[in-house]
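Structure first, commentary second.
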Amino acid sequence: METTRQSKVSRLLLKDLSEIFQMESRNLFGGKMISVTTVRISPDLGLAKVYLSIFPSSETEETLKLIKMNTKNIRRILGNKVGKQLRIVPELAFFVDDSLDYIENINNLLS
């Protein structure tokens, strides 16, 4: 169960990371559409698990590798955005959120 502080920080990170991926996706990731679906933060606010939805889904693994290689740069940009609101910028761990692909597969099976 998340505390109020965790949920507020999660929403803040979700908003700011979404803006970062929107602005930087052309430069860093070749124009792929990357959406931040969920951010889960640890109780000590030191680690943020960021779940991403990547389009086109055929190039998900390569894009995730690029994102993980640029984690320090993304964290630096995030620190500039939230530096006045958070004491410590959390470490970022990126994961693929494949729930949309799962839903599409279920719909295809039901049709």
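Of the residues 93, 48, the single one that is within 25 Å of residue 1 (Cβ to Cβ) and either surrounded by fewer than 16 Cβ atoms within 10 Å (Cβ to Cβ) or of a type in the set (Ser, Thr, Tyr) (or both) is 93.
Restricting 67, 103 to residues that are modelled with pLDDT of 85 or more, of a type in the set (Val, Ile, Thr) and over 21 Å from residue 4 (Cβ atoms) narrows the list to 67. Taking the stretch 16-49 as the range and being part of a loop (DSSP other than H, G, I, E, B) and in contact with a Leu (Cβ under 7 Å, 6 or more places away or on another chain) as the test, only 29 passes.
If you filter the stretch 15-35 down to residues that are among the basic types (Lys, Arg) and farther than 16 Å from residue 57 by Cα, you find that the one that is surrounded by the most Cβ atoms within 10 Å (Cβ to Cβ) is 15.
In the stretch 81-101, the residues that are touching a residue at least 12 places away in the same chain (Cβ under 8 Å) reach residues that are open to solvent by 80 Å² or more (accessible area, probe 1.4 Å) and not in a strand (DSSP E or B) with C-beta atoms within less than 8 angstrom, at least six apart or across chains, in these pairs: 94/68. For the stretch 26-57, a residue qualifies if it is over 15 Å from residue 94 (Cα atoms) and without any contact (Cβ under 8 Å) to a residue 40 or more places away in the chain, and the qualifying residues are 26, 27, 30, 31, 32, 33, 44, 55, 56. Say whether the condition of being on the phi < 0 side of the Ramachandran plot and not in a helix (DSSP H, G or I) is met by at least one residue in the stretch 57-69. No, the stretch 57-69 contains no residue that is on the phi < 0 side of the Ramachandran plot and not in a helix (DSSP H, G or I).
For the stretch 78-90, residues that are among the basic types (Lys, Arg) and open to solvent by less than 30 Å² (accessible area, probe 1.4 Å) total 0. Any residue at all in the stretch 74-95 that is outside any loop (DSSP other than H, G, I, E, B) and acidic (Asp, Glu)? The answer is yes; a qualifying residue exists.
The values are calculated or read from the model by the stated rules, or taken from the named source; none is laboratory data. The shown structure was predicted, so the numbers you read here are calculated from the model rather than taken from an experiment. Don't worry about glycine lacking a Cβ; one is built from the backbone with ideal geometry, like all the others, and counts go over all protein chains shown. Note: accessible area is taken over every heavy atom of the protein model, side chains too, but ligands, DNA and RNA are not part of it. Shrake-Rupley method; radii C 1.70, N 1.55, O 1.52, S 1.80 Å.
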